[in-house]
Amino acid sequence: MRPVNVSVKLDVSVASQPWSLASSAKRLVLWAVLAVVAIFFVVPILWLLLETTRAGQTGPDTQAGAPLAFGSLHQLVANWQVLFSGLVGQIGTWLENSFLYSGSGVLIAVGLGIPAGYGLATFDFFGRRLLLLTTMIAMLIPTNALVLPLVLEAHSLGMLSSPFAVILPYGLFPFGVYIAYLYFNAPRVFGLLAAARSDGCSEWQAFRHVALPLSTPVLGLVVVLDFIASWTNYFLPWGMYLAFGCTASSTTNIACQTGRYPVTLGVAQQLMAGAPAPFAVPQLSGTVLSSVQMQTNAPASVEALLIFVSCAPVIIVLVIAQRWIASGRLQGIFV
Amino acid sequence: MLGVVGLWPAGYALNLALTTFDGAFSGLSNFTGSYNQGFLIPAFEHVGEFMLIWLTALIVMVIGLSLFMHTLAPRVSAAFRFMFYVPAAFAGSASVLLWLFMFQPGLSPWDFVLHALGYKTLGDTLISGNLPIIYALIAFWTGAGSWILVIHGALTNVPDEVLEAASLDGAGPLQTALRIKLPMIKKWVVYMLIVAFAGGTQLFAEPQLVSVANLGLVSPVWSPNTLATYLAFQYNNFNWAAAISIDLLVVAFVCAGVLVFRTRLFKAD
């Protein structure tokens, strides 16, 4: 570039510095939009936190005071006691179940995904490319797409309501295989592995002592992403534990196997207290239900606490892993 | 040897889908049967309306906000990104229950909005014309944050030299955003749209829970997935349900196939 040209361009760029009135007005508008969206995102969580400190008397409609007001810490303790009293549901059991299902799923995902990614990256075998393409297709298919086929299969195998019915699908995490593959498929790793082999390492030793210690960032990412996905999954446990069990015992849906529920189902069950069946039959015009307060098992404040407690593990994981979810989520895909 | 282990997780899904398919493969009668019921097309229309709102919101808000936040100080931008990402922790049933409270006049912090719209009960809010936008709101609340992370990640990969060159050439922040950054992250926008589209066809938790919460005023067969589960578990018609789930799987496969073979996002060598 010729120097003359540069100086001319520089003048232009000085002239369009963002200090002019028009562009600072534009920035103001952008800030306003950002602020509104931020409020949209934050207020529900703020409401949730404040609601847990309030006295929800008998139902959601009898709340006193403004929606966004602080109650008292004393009331928070009282709500906590109600929540864990067993009257609202089996929150303790549900949390244990969620930890069991998600934790086991994550272990399988890591235990199979990391070696699989390593194998795909370091060995050249027949069908490798096909396998890779299959992995990529599988990771891009929404998890919900496989729920109904899985439920029908579990039904035919008699595996419904078995913990494995959700643990095994949670263990399927092709995205983990793919990022492990990308991570190991780097010249840096190849160099180290070649060095290890020439130093007399067996294949297993090369994997165990060289590749595995290198893979901690990928390992962490797989753990975090699969844990969040499993913990928040609703459709799959719904199909496995609720859909069949409840139609079989057509009395009330609370009679289903609530002891097997993960927290997502437990939370959903709060809504069903008032409904006659897992699916309420649609009322056609003519019957006008003038409802309509939401029917929940407990006052809104206790339900709010339940929602918060059920998501707390994920929030904790998010806060801890915040920095490298942001970078790591893409670090695998971007090369 | 390890490749065989790799076969397992990838092959697992395919195998499961195929075994169901075998059960349902009595010609195409299940597909036509589920279609002739007259619920499938409305269900797809509902999801179509939802998708229109949800994808527009993603394009306008996620890309717009990401571009703007990219011009802010890194710490400020990171704080906002985290704020937008936290609701992802409430995905699944928790977000739906939480938002049902948000739509409950008298209880909601948005009471003034509901009041201005003339809604006095939850039933007023959940009228069927509102459902696509309500589901889109919930989906946006839980899902937009992770897409902002993805787009932000794409933006940080735009080389500094390119941005410097642009500002040397006299491009203002707006021009840089639209003419330089946007074209360079185009493939990630396409990725977002296709994945969000494929995910959108799978809508389940929102319509199912809202239907339950509202005591049957909301149709339980609103989306293809709730229709399929309704057929399976209310009428024990597994074959029609399987047919619908195969319909949806085909959509998902096509989307995934386009991403893998038509874009250059993923490499396999």
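The values are calculated or read from the model by the stated rules, or taken from the named source; none is laboratory data. Every value quoted in this text rests on a predicted model; they were computed, and no experiment measured them. With ideal geometry, Cβ positions are generated from the backbone for all residues, glycine too; neighbour counts draw on all protein chains shown. Heads up: the accessible areas ignore ligands, DNA and RNA and are worked out on the full protein's heavy atoms, side chains in. Shrake-Rupley method; radii C 1.70, N 1.55, O 1.52, S 1.80 Å.
Here are a few things to note about the model shown:
- Note on the stretch B:184-248: Rg/Rh from Cα positions, Kirkwood definition for Rh, rounded to two decimals, is 1.14.
- Cα-based radius of gyration of the stretch A:91-235 once divided by 2.2 N^0.38 Å, which approximates compact folds: 1.18
- Looking at the stretch A:91-235, the accessible area is 38 square angstrom per residue; that uses a 1.4 Å probe and ignores ligands, DNA and RNA.
- Per-atom-type breakdown for the stretch B:115-253 gives carbon and sulfur 62% of the accessible area (1.4 Å probe, protein chains only).
- Reachable aspartates and glutamates from residue B:186, criterion Cα separation under 18 angstrom, eight or more residues apart if same chain: B:160
- Multiplying the residue separation of residue A:75 and residue A:205 by 0.36 nm and subtracting their alpha-carbon distance yields 41.0 nm.
- Rolling a 1.4 angstrom probe over the protein heavy atoms with all chains in place gives the stretch B:160-269 an accessible area of 39 Å² per residue.
- Within the stretch B:45-147, the proportion of Cα pairs with more than 17 Å between them is 60 percent.
- Rg/Rh (Cα only; Kirkwood hydrodynamic radius) as it applies to the stretch B:41-261: 1.04
- Distance between the pseudo-spin-label points of residue B:52 and residue B:133 (7 Å out from Cα toward the beta carbon): 1.3 nm.
- Only protein heavy atoms count here, probed at 1.4 Å, and on that basis chains A and B bury about 10200 Å² of accessible area in total.
- Accessible area in the full protein assembly, largest first, 1.4 Å probe, for B:120, A:26: B:120, A:26
- Across peptide A:222-235, the average count of Cβ atoms from other chains found within 10 Å of a residue's Cβ is 3.
- Residue A:190-residue B:72 pseudo-label distance in nm [points 7 Å out on the Cα-to-Cβ vector]: 4.2
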